[in-house]
1. Within the chain, which is the longest segment containing none of the GluC sites (Glu not before Pro) that sit in a DSSP loop and have at most 10 other Cβ atoms within 10 Å?
2. Restricting to bridges with both residues inside the chain, how much of the DSSP beta-bridge set is antiparallel, in percent to the nearest 5?
3. Of Gly134, Phe53, Thr242, which is farthest towards the positive pole of the chain's charge dipole, taken about the Cα centre with +1 and -1 on the beta-carbons of Lys, Arg and Asp, Glu respectively?
4. With a point put 7 Å past each Cα toward its Cβ, work out how far Glu187 is from His79 in nm, to one decimal.
5. Which loop-located trypsin sites (Lys or Arg not before Pro) does the stretch 95-149 contain, where loop means any DSSP state but H, G, I, E or B and the Cβ has at most 15 other Cβ atoms within 10 Å?
6. Let me spell out the model: positive unit charges on the Cβ of Lys and Arg, negative unit charges on the Cβ of Asp and Glu, origin at the Cα centre of the chain. What dipole size does that give, in debye rounded to 20?
7. Rounded to the nearest 5, what is the percent of antiparallel bridges among the DSSP beta bridges in the stretch 106-177?
8. Taking H placed 1.01 Å from N in the peptide plane, check which residues at least 5 places from Leu239 or on another chain put their amide H under 5 Å from its amide H.
Amino acid sequence: MTTPDTTGGAGSTGNPAPKPPVKDPWDLPDVSGLVVGVLGGTGPQGKGLAYRFARAGQKVIIGSRAAERAAAAATELGHGIEGADNAGCARRSDIVIVAVPWEGHGKTLESLRGELRGKLVVDCVNPLGFDKKGAYALKPEEGSAAEQAAALLPDSRVTAAFHHLSAVLLQDESVEEIDTDVMVLGEARADTDVVQALASRIPGMRGVFAGRLRNAHQVESLVANLISANRRYKAHAGLRITDV
């Protein structure tokens, strides 16, 4: 006589295995102990991000092509921020934010491929052009700055975030909260969760998942629209995503 299979396997008559619980999208990891590096940390956006993360309690290292410039900027910003050349910044950091000018984006990342191996890289570069009509989006050959970074850094975990932040507000010491959402893009949920959590370390800010890297171009391009709005209304506009 054949004994019925009650193990729950394929073809069994037993109850199916319970589905794992759905992960809460706002259940984000603790990133307070991670070292944040900012490549291009002597530029307006890089300095602003470094200041905000250090003010929130993160250990921050800013990088520059010249270590002396990075050290001077770190002293100016205070809050325990350190300066180093770009290679040193990349080596010593757990998360590396890329805030270099678009013109030097590819060359900088290519030169740091070894130092960025295995690192979580957050690209916030916006490829833009400017003429008498104002700002307009550029279309990199790879599709976006973030996709260029992923192509140049095959051994890194590349994400994209922090595109729509006002450098003026980030650096203004009198501003207690930055009232904005940060759109976070990437290929692995574990990585985008970390970046979302990092964004949420800054008071008033919230990281929101916005898709994979193939969607980075329109996020980067939207900065041209924000620049136009800011010029018309003399503002420092950001973004809020509703019903999330």
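1. The longest uninterrupted stretch comes out as 1-140.
2. 20 percent
3. Gly134
4. Distance between the two pseudo-spin positions: 3.2 nm.
5. Loop-located and lightly packed - Arg113, Arg117, Lys132, Lys133.
6. Dipole about the Cα centre, nearest 20: 420 debye.
7. Counting only bridges with both partners in the stretch 106-177, antiparallel ones make up about 50 percent.
8. Asp181
The values are calculated or read from the model by the stated rules, or taken from the named source; none is laboratory data. As the structure is a computational prediction, the values presented were derived from the model and not from experiment. Positions of Cβ are generated from backbone atoms using ideal geometry, with glycine treated the same way; all protein chains shown enter the neighbour counts. Protein only, heavy atoms only, side chains kept; ligands, DNA and RNA dropped before computing areas. Shrake-Rupley method; radii C 1.70, N 1.55, O 1.52, S 1.80 Å.
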